[in-house]
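Notes follow the structure.
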Amino acid sequence: MTDNLSISMQNMFQIVVPSIIVIVVLFAGYAIRKILFTRLSNWTQHSKSQIEDIIISSTKGPFIIWFLMLGIYLALKFSQLPENIVVVAGKILFVLGLLSVTLVLANVCSRIIVAYSSKFEKTLPGVSLTQNIVRIIIFGVGILIILNGLGISITPILATLGVGGLAVALALQDTLSNLFAGIHIITNRIIRVGDYVKLETGEEGYVIDINWRTTKVKMLTNNVILVPNAKMVQTNITNYYFPEKVLVVQVNLGVHYNSDLTQVEKVTSEVAKQIMCEVPGGVPEFEPFIRYNSFGDYSIGFAVIMRAKEFADQYLIKHEFIKRLHERYNKEGIVIPYPINAVNYEQEGGKKLP
């Protein structure tokens with residue numbers, strides 16, 4: 001009876017002690033997380049940097065999981081399980097712990113790239129390709145650390161990858177060409193996220209993302225064009241944001257041959273200047289001007305030169321300019337003739353019609 005009671009107490013001790021260890025470590029993790037992250041949150045309120053906020057939000061959730069893993073590991077050490085089981089379980093926890101740290105680190109770096117891409121646009125473009133490259137590097141280093149921690153030599157693996165990489169490169173020529181073309185695009189900085197571009201085939205729109213395979217271009221019609229990166233570097237592309245966003249807005253017009261061209265120039269320039277100062281997207285400091293360029297079949301042609309802050313602004317500028325100029329021409333008696341063809345019989349030596 002005493003032996004049975006002793007065995008029973010021993011079995012209970014083997015179950016209760018590891019359970020208590022897990023619970024104590026877990027509660028300690030909750031307490032440490034509450035104290036630590038509360039103080040860190042109060043400290044970051046006085047900081048202008050976003051890095052602290054990103055690190056706190058990314059590690060707050062996994063923090064408890066890490067303490068849970070620690071509690072299970074300590075419980076296994078104090079348990080009466082066979083040594084081989086404890087060793088295997090310890091390696092599993094080691095792998096899971098490093099994987100979780102790798103995931104958190106990759107998430108933190110990716111979010112930092114997004115947060116600071118606008119400030120460090122020339123060196124840290126916030127596109128999908130950049131984020132994916134950073135994730136791949138972090139995961140690669142994490143896997144190598146895991147393998148090394150498990151006692152697996154990574155030298156033969158690296159040698160195998162070097163030999164197998166050639167075969168993979170031959171099999172994935174198109175994919176790799178798009179990948180390296182994407183890297184070329186984001187490092188060369190001629191095409192950037194947010195730029196307004198026009199393709200050789202006629203499609204145009206804003207570049208919204210550059211990933212490992214394609215460049216996404218969002219048209220003004222709200223449709224998205226997926227252009228392979230290799231094609232982006234091989235075709236002719238007009239970038240309306242390079243080297244700067246400001247662009248010339250040209251409106252071609254024509255007035256009657258009987259018009260006073262000095263008056264036409266004065267009135268047109270006044271209206272164009274009003275547009276530059278009053279219409280959103282205009283460049284107020286720019287002085288618009290006109291240039292007569294042709295004796296047309298039915299009018300004297302000229303071009304009005306204005307400027308817009310970016311590509312999309314030109315539509316509203318043209319809209320308001322044409323509307324206001326038409327109204328002003330009507331008041332000033334300036335005629336914009338219709339396209340007609342007439343035969344001058346007197347000039348050609350013909351007879352006058354009765």
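The numbers here are math on the coordinates, done by the rules we state, and not lab data. This one's a predicted model, so the numbers in the text were calculated from it and none came from an experiment. FYI the Cβ positions are ideal-geometry reconstructions off the backbone, even for glycines, and counts take in every protein chain you see.
General observations
- With R₀ fixed at 35 Å, the C-beta to C-beta distance from Tyr338 to Phe180 puts the FRET efficiency at about 0.05.
- Compared with the direct C-alpha span, the chain from Asn258 to Tyr315 gains 17.4 nm at full extension, assuming 0.36 nm per residue.
- Spacing of the modelled spin labels on Lys91 and Asp53, each 7 Å from Cα toward Cβ, amounts to 4.4 nm.
- Extension gain for Ile190-Cys109 works out to 26.7 nm (0.36 nm per residue, less the C-alpha to C-alpha distance).
- Between Leu74 and Ala28, the contour length at 0.36 nm per residue exceeds the Cα-Cα span by 15.2 nm.
- Per-selection Rg to Rh, region 247-332 - Cα, Kirkwood hydrodynamic radius: 0.97
- Highest mean packing comes first when the peptides 239-247, 310-318 are listed by Cβ atoms within 10 Å, giving 310-318, 239-247.
- Cα centroid separation, region 261-316 to region 98-115: 52 Å.
- Asn148 versus Ile136: modelled label distance in nm, points set 7 Å from Cα along the beta carbon direction: 2.2 nm
- Inter-label distance, nm, simple model (7 Å from Cα along the C-beta direction), Thr201/Val101: 4.8 nm
- Using the Cβ-Cβ distance between Glu270 and Leu226 with R0 set to 41 Å, the FRET efficiency from 1/(1 + (r/R0)^6) comes to roughly 0.30.
- Cleavage-rule hits, trypsin sites (Lys or Arg not before Pro), region 21-83, DSSP coil, Cβ neighbours within 10 Å at most 13: Lys48
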